[in-house]
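Report on the following structure.
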C-alpha cells in the first residue's frame, strides 16, 4: 500500500453546448478595427496633411500681420503723444487714431497667440500627437472669439 499524498486531478466537466470563445470575438473585433483603419487610411492622412498646411498658412499669415501691425502700432505710439499736445488735427481724427492704436494692440496680442498656437498645432500634427491637438482645440476657439470681438460689427 502506497501512502502517496499527491492530489488527483479531476478533469473539468465538459459542456454539452458549443460556445464561441472570447478570444475569437476579440480577434474579430480587432480585425474589424484594423480593416476600418486600412479603408480610411488615405482620408486620415489627407486630413492630417491638410491640417499641417493650414497650420503653416496661419503661421505665415500671423507673421505677416505681426510685422505690419507692429509697424503701424509703433508709428501710432510715436505720433499720438505729439498729436495730443499739438492741436493740429480735429478731435474726431485724434480719437480715430487712439481707437486705431487700441485696435492694433489687441490685434497684435491675438496674432501673437495665434502664431504660437499654429506652430504648436503643426508640431502636433507632424508628430501625430492627438493629446496636443485636443489641447489646442479650445485655444483656437479662443483666438477666433478674440478676433471676432475686436472686429467691427457690420
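Read-outs: derived from the displayed coordinates by stated rules, not from any lab. For clarity, every value in this text was computed on a predicted model and none was experimentally measured. Don't worry about glycine lacking a Cβ; one is built from the backbone with ideal geometry, like all the others, and counts go over all protein chains shown.
Which value at 222 nm does the chain reach when only helices count, each DSSP H run of 4 or more adding -39,500 (n - 2.57), with the total divided by all residues and rounded to the nearest 500 deg cm²/dmol?
Numbers: 3 runs with 122 residues, N = 154.
Value at 222 nm, helices only: -29500 deg cm²/dmol.
Round to the nearest 0.05 the FRET efficiency obtained for residue 139 and residue 49 when R0 = 22 Å and r is the Cβ-Cβ distance.
On the way: r = 21 Å, r/R0 = 0.98.
Once the sixth-power term is evaluated, E becomes 0.55.
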Review point. How far is helix 91-127 tilted off the main Cα axis of the chain, in degrees rounded to 10, range 0 to 90?
Key: 20
Exercise for review: Starting with the fewest neighbours, write out 66, 86 ranked by other beta-carbon atoms found within 10 Å of each beta-carbon.
Suggested key: 86, 66
Study note, to complete from the structure: Of 115-121, 18-24, ordering from highest average Cβ density within 10 Å down gives 115-121, 18-24
**Study point:** Degrees, to the nearest 10: 130-150 long Cα axis against longest axis of the chain
**Key:** 30
Review point. Which one, [x] 0.95; [y] 1.15; [z] 1.49, gives Rg/Rh (Cα atoms, Kirkwood Rh) as derived from the coordinates shown?
Key: [z]
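If the chain between residue 75 and residue 20 were fully stretched, how many nm would it gain, using 0.36 nm times the residue separation less the Cα-Cα distance? It would help to have the intermediate numbers written out before the result.
On the way: separation 55, 0.36 × 55 = 19.80 nm, distance 7.72 nm.
Value of the extension gain: 12.1 nm.
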